[in-house]
Amino acid sequence: MSRTQVGAAAGTALAAALALALAGCSAGGAAAPTASATPAPFQLDRDFPDPGALVVGDRVYAYATNAPGVNVQLATSTDMRHWTMSGSDALPELPSWAAPGKTWAPGPAALPGGRFALYFTATDAPSGRQCIGAAFATDPAGPFSSPAATPLVCPVDDGGAIDASVFTEDDGSRYLVWKNDGNCCGLDTWIHVQRLSADGSALVGEATKLIKQTEPWEGHLVEAPVIVKHAGSYVLLYSANDYGGDSYATGAATASSLLGPYTKHDGPILSTSGSAGRYLGPGGADLVSFGGKDWLLFHSWDDAVVYRGLHAVPVTWRGGVPVPAA
């Protein structure tokens, strides 16, 4: 999720029974989705959660959480409307420290010299915590390889780390953004940022904590952070609440400096109720510029709450935050 300057350029209704069931299983106790809108169609109608996107030339590469037999899913598009699934695993071999089965939320980045990085979450076998690794390739389609014997980020005492993305500053310096997985064990969940080495393989200096869960709609966690820069302001997009139901939503916070302090937007910018049921538990968002527009890529649940499909939606900017265009 390598981010730089963004955005200079610009079915049937949900069943009442399903809405009640979802309200019962949501951690935050959110209201049932409004059954007044037709659920929005997926651009990729299959399980493709936690998308991380990278634009290379005239093509968009979207990477997603594991599927049966695949560590990192990959789909590509030349128009943001039609997507083609890759027939290959973008990360075919996990590093020695990682146990198989939970490879989550890959965050891609372009590096100098025509190289590409993919920051991924996997289970650290020695500790049992989810931690972040780094993989590299000379082609954005992979295959990516992760040679390190240990994770890049693995704060075991803080619950581990998940959901890495990369922000690229105007001067070309890169920063890793992630969440400590404190909700696994009754701890706070903080969004962190820390500078990356020039080759993307190591962290430099100390991490800075940006935000944690504080608002009622966020429930017991914040996660899936992405930082973009728009009109001179740093915009932190994040997901919050229970991913398994309709309380999951996407929020935003803004700052005049990369390291903060960040001020949270009043309420989510994308939610089940806010979309009148068009998107069910929308989250895992990423933001890229493509074809003269800014696009929000995110997942939401299907009507039966079985899988999370991909949406790619153009946005407008209101009050300094991106809002899906009508």
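Computed quantities for the displayed model
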item	result
Selection within region 229-271 - surrounded by 17 or more Cβ atoms within 10 Å (Cβ to Cβ) and among the aliphatic types (A, V, I, L, M)	V235, L236, L237, A240, A249, A252, A253, A255, L258, I269, L270
Residues that are among the polar types (S, T, N, Q) and in contact with a helix residue (DSSP H, G or I) (Cβ under 8 Å, 6 or more places away or on another chain), drawn from region 223-246	N241
In region 116-149, the residues that are within 17 Å of N180 (Cα to Cα) and either basic (K, R) or assigned to a loop (DSSP other than H, G, I, E, B) (or both)	S127, G128, R129
Meets criteria (within 22 Å of L236 (Cβ to Cβ), part of a loop (DSSP other than H, G, I, E, B) and either at pLDDT 95 or above or in contact with a His (Cβ under 9 Å, 6 or more places away or on another chain) (or both)) for P49	yes
Restricting region 258-287 to residues that are more than 29 Å from D170 (Cβ to Cβ) and outside any loop (DSSP other than H, G, I, E, B), the residue that is nearest to the chain's Cα centre (by Cα)	P282
Qualifying residue in region 99-115 (condition: surrounded by 19 or more Cβ atoms within 10 Å (Cβ to Cβ) and part of a loop (DSSP other than H, G, I, E, B))	no
Candidates P41, P68, P92, P140, filtered to the one that is at pLDDT 95 or above and either buried (at least 18 other Cβ atoms within 10 Å of the Cβ) or on the phi > 0 side of the Ramachandran plot (or both)	P140
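Matching residues to (1) closer than 19 Å to Y119 by Cα; (2) among the small types (G, A, S); (3) modelled with pLDDT of 95 or more; (4) surrounded by fewer than 20 Cβ atoms within 10 Å (Cβ to Cβ):
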| residue | (1), (2), (3), (4) |
| --- | --- |
| A149 | yes, yes, yes, yes |
| D157 | no, no, yes, yes |
| S173 | yes, yes, yes, yes |
| V177 | yes, no, yes, no |
| I227 | yes, no, yes, no |
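The values are calculated or read from the model by the stated rules, or taken from the named source; none is laboratory data. Note that this is a predicted model, so its numbers are computed, not measured. Positions of Cβ are generated from backbone atoms using ideal geometry, with glycine treated the same way; all protein chains shown enter the neighbour counts.
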